[in-house]
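I have placed the structure first, in the form of structure tokens, so that the comments after it can refer back to it.
The values are calculated or read from the model by the stated rules, or taken from the named source; none is laboratory data. None of the values given here were measured: they were computed from a predicted structure. Because the Cβ atoms are built from the backbone with ideal geometry, glycine has one as well, and the counts that use them run over all protein chains shown. Surface areas here come from the heavy atoms of the whole protein model, side chains and all, with no ligands, DNA or RNA. Shrake-Rupley method; radii C 1.70, N 1.55, O 1.52, S 1.80 Å.
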Number of protein chains: 2
Amino acid sequence: MTTLHDCLRLDAQDPLAPLREHFSLPPGVIYLDGNSLGALPRATAARVAEVVTQEWGTDLIKAWNTAGWFDLPQRLGNQIARLIGAQPGEVVATDSTSVNLFKVLTAALHMATADAPQRKVIVSERSNFPTDLYIAESLCRQHGFRLQLVEPEEIAAALTPEVAVLMLTHVNYRTGAMHDMPAVTAVAHAAGALMLWDLAHSAGAVPVDLTGAGADFAVGCGYKYLNGGPGAPAFVWVNPVHADRFWQPLAGWWGHATPFTFTPDYRPAPGVQRYLCGTQPMISLSALECGLDVFTAAATLIPNQTAMDTLRQKSLALTDLFITLVEQRCAGFGLALATPREHAQRGSQVSLSKSEGAYAIVQALIARGVIGDFRAGDGAQHPDILRFGFTPLYVGYEDVWHAVEQLREVLHTAEWQRPEFNTISAVT
Amino acid sequence: MTTLHDCLRLDAQDPLAPLREHFSLPPGVIYLDGNSLGALPRATAARVAEVVTQEWGTDLIKAWNTAGWFDLPQRLGNQIARLIGAQPGEVVATDSTSVNLFKVLTAALHMATADAPQRKVIVSERSNFPTDLYIAESLCRQHGFRLQLVEPEEIAAALTPEVAVLMLTHVNYRTGAMHDMPAVTAVAHAAGALMLWDLAHSAGAVPVDLTGAGADFAVGCGYKYLNGGPGAPAFVWVNPVHADRFWQPLAGWWGHATPFTFTPDYRPAPGVQRYLCGTQPMISLSALECGLDVFTAAATLIPNQTAMDTLRQKSLALTDLFITLVEQRCAGFGLALATPREHAQRGSQVSLSKSEGAYAIVQALIARGVIGDFRAGDGAQHPDILRFGFTPLYVGYEDVWHAVEQLREVLHTAEWQRPEFNTISAVT
């Protein structure tokens, strides 16, 4: 049996333990919801204050040049590129994940049908993140495409000659199940489809190699594992072989080849810069830089390893430990593991399903300072889920121990059945 | 002749003078570029720090409920509605102006052609803000429409039965010329076209009455006269008679009727909420609230007047004074007034054209602490422009005097011909 002592020993031996000091977390809280909203880096408050009082307040309009605002989407994109197997100049940080998905999905449909007009289907997973499906549905309505939703095991069979694009989220937001990116991308390409990945639950969470996989397009989120702050701008990657092939529909001034000539005709910038559109929220964008800087610090901790390889080892150790402790200490209460046990199929979260009381258990845990979240199921195929994200940047092994202890007490005492934990309020 | 003493007396009598204390401006600077990037409200730094350290850092994911993040686009939209003649619930603050324009222009084209399939033309002004034209051009490419660009005096004649949408910026970004919104809207409607207004240089600058004019769609900017901070989220208004008629193409989770049920099918929220898409940058969005709060303070200064009526009187007095002083004190240097002299046709800026040296004069003024900006012309029809924005919230009459005095000295001494003022760098 694993003991608290074991956990303390793991923390003492953890080369990444110093990264915890890069974050400001409230005392008494074990934060296992970084997959929904990442924690606050210690550097962010001062940086944001500098942007507000110095860059905006004092430099005013000059800050576009003096503070480097104009290049910020590319600078942040280059930092993100290192985490997702992309090259400098291939990624920009901008807009929201949904808006970026609209850009690349439109581009993908345009390119696919330019090469093969009969390809009029987008394939995705039924349990993909809903906003991705909404964007795809909207594009289908507008352009006469069809969105076909399948279960993960049905993907390969669904890739008929009518499929233009396979659009998947790399790590499933509910279960934490991770696709084999190179293998799935190869299957899509073998079927003549383009491959679009949503990295919302991957970037900063698991190693990603878009170049190695030969993917076509990717989008991802700035405010989950990248710790960019609430609603931080998202990012978009386009394989350089495609970048110059299409305008992208949201053709705004920031994507223009010469944005300061104010010409009435649009001429797209080369490369991924054309995937920029309007003016970006500089305060929020600057906060994202502080989140990304922590990964630069992480890359220095273990010689000859990338930040993500270093973080991945601890992430798997944390999720393994959580699974082990739940099975050792919380057995008999109807919890089932919804996340794959195999490392190669697991993101940086663990989801537990429970047929009754999942929402209330999460509320009772939050009242005890263990913050995870709840995702409703749809009955049989997708049960209610208790979701726990493990961010190796700021979660330790002792945290895992105490989280499971609190879960055990909530279950043993039946505390979750109290009325105050069963009042549904808006949750995110 | 107008004197400095006259200006000091106007400041002493100005009921809006206390509003200057709501802003933090660097000492020694006369800021006449609020039409490009509004100044920093004093309340913003503390508010942003609260969002970062308390809402994000301490409340973490709970802040979606406890800090009211989810309702913020609507709350800010309701504050903006008061400035543009819209009703509560008709405006949301979100995304960028370009992205919002894409949403409403797509909706407008859809609605226009649903009623009359032969309407395949968008009419706009040749000197409209370029990003608006780029977005329109992109939609035309994608959907087989045609963008027809005309001069202001050619608009009425261009409204043939093939025109789906007339898309105009209310106040021209170069010249400060203002359209007669009710009259132009009526002309568009008489021709069977929908009317879309960009209020980037109007909202917070001049009184706007979208409802009274019977306009169909509007977008606008958060970081110019609304003082929301660099790249602050923009806003979008949809006439309630149209709001439920179309999905809008950027159909993301925040525009869903029940965003927290995570259903795979998109069902649009009623009203303007469906014009929301992805998660918004909360730090930047919160900063915008501080800019809007100053207008609430302005509304209390003169009984029985709206904030915008109060501000308009001073705005016209400031721009009148600037024009008068330039003509009295800077004559003989080839400056020409590019902004209409008639109040009804003037926004809250004054543009001066000059065939030679406009860029260098602006640089020399900036070196002297008078911040305006430069917009290049295209030769004959649109000459180079020196642009001066007058924000009655924080610009006073004495400021106007000193700005013109600095301009006079730059011209009289030929200081602008120095090499350091003639080196072109990136400008915005």
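Normalised by the number of residues in region B:201-272, the mean separation of alpha-carbon contacts (under 8 Å, six or more apart) gives a relative contact order of 24 percent.
The amide H of A:ARG146, built 1.01 Å from its N in the peptide plane, has A:VAL121, A:ILE122 as neighbours under 5 Å, considering only residues 5 or more places off or on other chains. For region A:215-234, accessible area lost to neighbouring protein chains reaches 40 Å² or more, against the chain alone with a 1.4 Å probe, at A:PRO230, A:GLY231.
Relative to the longest principal axis of the Cα atoms of chain B, helix B:307-329 runs at roughly 30 degrees. A simple spin-label model places pseudo-atoms 7 Å from Cα toward Cβ; at A:THR160 and B:ALA367 they are separated by 7.1 nm.
With a 1.4 Å probe and all protein chains kept in place, how do A:GLU137, A:GLU405 rank by accessible area, largest first? Let's see the in-between values first.
Working: A:GLU137 45, A:GLU405 25 Å².
Reading off the accessible areas and sorting them downward yields A:GLU137, A:GLU405.
Summing Cβ point charges (Lys, Arg +1; Asp, Glu -1) relative to the Cα centre of the protein assembly as shown gives a dipole of roughly 400 debye.
Between the Cα long axis of helix B:397-412 and the first principal axis of chain B there is an angle of about 60°, rounded to the nearest 10.
Sorting A:ASP132, A:ASP115 by accessible area puts them as A:ASP115, A:ASP132; the probe is 1.4 Å, largest comes first, and only protein heavy atoms count.
Rounded to the nearest angstrom and listed largest first, the equivalent-ellipsoid semi-axes of region B:1-121 from its Cα gyration tensor are 37, 28, 14. Beta-bridge orientation, chain A: approximately 55 percent antiparallel, per DSSP, counting only bridges with both partners inside. Computing FRET efficiency as 1/(1 + (r/R0)^6) for B:ASP180 and A:THR261, where r is the C-beta to C-beta distance and R0 is 25 Å, gives about 0.25.
Computed from Cα positions, the angle between helix A:72-81 and the longest principal axis of chain A comes to roughly 60 degrees. Contact order for region A:150-204, expressed relative to its length and based on alpha carbon pairs under 8 Å spaced 6+ residues apart, stands at 45 percent.
Annotation: lysines with alpha-carbon distance below 24 angstrom to B:LYS354 (same-chain offsets under eight excluded): A:LYS62.
Which percent of the accessible heavy-atom area of region A:93-244 goes to carbon and sulfur, probe 1.4 angstrom?
Carbon-and-sulfur percentage of accessible area, whole number: 56.
For region B:46-71, a decrease in accessible area of 10 Å² or greater in the assembled protein chains relative to the isolated chain, with a 1.4 Å probe, applies to B:VAL48, B:VAL52, B:THR53, B:TRP56, B:GLY57, B:THR58, B:LEU60, B:ILE61, B:LYS62, B:TRP64, B:ASN65, B:TRP69. For region B:1-90, the share of accessible area belonging to carbon and sulfur comes to 56 percent (1.4 Å probe, ligands and nucleic acids excluded). Here region A:251-330 is described by how far its Cα atoms reach on the three principal axes: 67, 34, 23 Å, from widest to narrowest.
Estimate for me the total accessible surface buried between chains A and B (protein heavy atoms, probe 1.4 Å, no ligands or nucleic acids), in Å² to the nearest 100. It would help to have the intermediate numbers written out before the result.
Details: alone 17440 and 17430 Å², together 28140 Å².
Roughly 6700 Å².
Once the Cβ-Cβ distance of A:THR211 and B:ASP115 is raised to the sixth power relative to R0 = 41 Å, the FRET efficiency obtained is 0.25. Averaged over the residues of peptide A:282-291, the number of Cβ atoms from other protein chains lying within 10 Å of each residue's Cβ is 6.
Taking amide H atoms as placed 1.01 Å from N in the peptide plane, the amide H of B:THR94 lies under 5 Å from those of B:ALA234, B:PHE235, B:VAL236, each 5 or more residues away in sequence or on another chain. Counting, for every residue in B:253-260, the Cβ atoms of other protein chains within 10 Å of its Cβ and taking the mean gives 4. Take each residue in A:240-251, count the other chain C-beta atoms within 10 Å of its C-beta, and the mean is 3. When DSSP beta bridges are restricted to pairs lying wholly in region B:196-284, around 60% turn out antiparallel.
For chain A, the Kirkwood radius over C-alpha pairs fed into Stokes-Einstein at 20 °C and 1.002 mPa s yields D = 95 µm² per second.
Of the accessible area of region B:303-411, computed with a 1.4 Å probe over protein heavy atoms only, carbon and sulfur atoms account for 46 percent.
Once the Cα-Cα distance is subtracted from the 0.36 nm per residue extended length, the B:LYS62 to B:GLU342 segment shows a gain of 95.5 nm. Label-point distances for B:THR296 to the equivalent site in the other copies, using a point 7 angstrom along Cα→C-beta, read 3.9 nm when ranked shortest first. Among the protein heavy atoms, those of A:HIS110 account for about 90 Å² of accessible surface (1.4 Å probe, every chain in place).
Residues of region B:93-114 that bury at least 40 Å² of accessible area when the other protein chains are present, relative to the chain alone (probe 1.4 Å, heavy atoms, ligands and nucleic acids excluded): B:SER96, B:VAL99, B:PHE102.
For the protein assembly as shown, compute Rh as the Kirkwood radius over C-alpha pairs and then the Stokes-Einstein diffusion coefficient at 25 °C and 0.890 mPa s; write the answer in µm²/s, rounded to an integer.
Translational D for this selection: 87 µm²/s.
Semi-axes of the equivalent ellipsoid of region B:169-324 are 31, 21, 14 Å, computed as sqrt(5λ) over the eigenvalues of the C-alpha gyration tensor in descending order.
Per residue, the protein assembly as shown exposes an accessible area of 33 Å² to a 1.4 Å probe, with every protein chain left in place.
Convex hull volume of the Cα atoms of region A:278-426, normalised per residue: 171 Å³. Accessible surface for B:HIS189 stands near 80 Å², nearest 10, in the context of the full protein assembly shown (1.4 Å probe). In this label model, B:VAL187 and A:LEU4 are separated by 7.9 nm, measuring between points 7 Å along each Cα→Cβ vector. Using the Cβ-Cβ distance between A:THR324 and A:HIS143 with R0 set to 35 Å, the FRET efficiency works out to roughly 0.10. Relative contact order of chain A, taken over Cα pairs closer than 8 Å and 6 or more residues apart, is 21 percent.
Of all DSSP bridge pairs formed entirely within the protein assembly as shown, close to 55 percent run antiparallel.
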